[in-house]
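Worksheet: the structure to be examined is printed underneath.
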Amino acid sequence: MLNYDKLCKRCGQVSPHRYRGDAPHVLRWACNDCLASDSGAYRASSWLWPKLRNTYRAMIARCTDPLHESYGNYGGRGVRVCKRWLGSYAAFRLDVGHPPSPEHTLDRVRVSRGYSRKNVRWATLREQAQNRRTSRLVTLDGEAFCVAAWARKLGLKPSAVRARLYRGWSVERALGRERAPLYEPAPF
C-alpha cells in the first residue's frame, strides 16, 4: 500500500511509503529508498525507539503526575523536568540521544537536582545503584566514590569496607588491604 502524505520516519522526506508490517515496534512507515537501503543494521537497533520514548514518558509521569506510584520520590521531592523537555519529546531526544546499549537507563548525575541536559546521563543499573541518596561517598586522594565502587576498584569486599568505617577506621586504613581484627569494639 503506497501513501504519499506521510513523512519517512528515518529520513524525514515526503515520498512514496510502504507500510512495514514486519517491524511491529520500529518504523511503521518508511520510504522506498530507506527500505531498499535497509541492510539489517537499522533493524538490529530497533529497541532504541520504543525505549527512548518510554523513558521520556516515565520521566514526565514520575515528576508531574501525583497519581504515579513514584511521584513521592520524584515530583513530590521537588525533582522537576526542564521546560525544554517538558513540552517536547524531540528536544529530549536531541539533547540525550539514544542509550549506548539496552542495559543503560536514564540517570541523574546529581540526584538532588531535576532532569536537564546537564544533569542526565545513560548509566547501567550498577552505576545507578551507586548514585542514590542513601549512598555513602568516601573521598580519598581527591576522588569521591561510594563504598561499593571503592571496594570493587581495590579488590575488597564492600561489607568489609563498611564494617571498617563503622568501627571508626580512617578512610585510608579502611581502604587498605590489611585485615580487620575480629573483635575490635565499636566506638561509642
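The values are calculated or read from the model by the stated rules, or taken from the named source; none is laboratory data. Everything numeric in this text was worked out from a predicted model, so none of it was measured. Cβ sites come from the backbone with ideal geometry, for glycine too, and all protein chains shown count toward neighbours.
Taking the stretch 119-160 as the region of interest, the strands (runs of 3 or more DSSP E) fully inside it that hold 2 or more residues being assigned by TED's automatic domain parsing to the domain that holds R108 and either modelled with pLDDT of 85 or more or crowded, with 17+ Cβ neighbours inside 10 Å (or both) are 120-123. Pairs are defined by a Cβ separation below 9 Å, a sequence spacing of at least 6 or placement on different chains, a first member in the stretch 69-80 that is among the hydrophobic types (A, V, I, L, M, F, W, C), and a second member that is in a loop (DSSP other than H, G, I, E, B); the pairs so defined are V79/V111; V79/S112; V79/R113; V79/G114. Could you go through the stretch 96-111 and let me know if any residue there is surrounded by 14 or more Cβ atoms within 10 Å (Cβ to Cβ), touching a Phe, Trp or Tyr at 6+ places or on another chain (Cβ under 9 Å), among the hydroxyl-bearing types (S, T, Y) and not in a loop (DSSP other than H, G, I, E, B). Among the residues of the stretch 96-111, at least one is surrounded by 14 or more Cβ atoms within 10 Å (Cβ to Cβ), touching a Phe, Trp or Tyr at 6+ places or on another chain (Cβ under 9 Å), among the hydroxyl-bearing types (S, T, Y) and not in a loop (DSSP other than H, G, I, E, B), which makes the answer yes.
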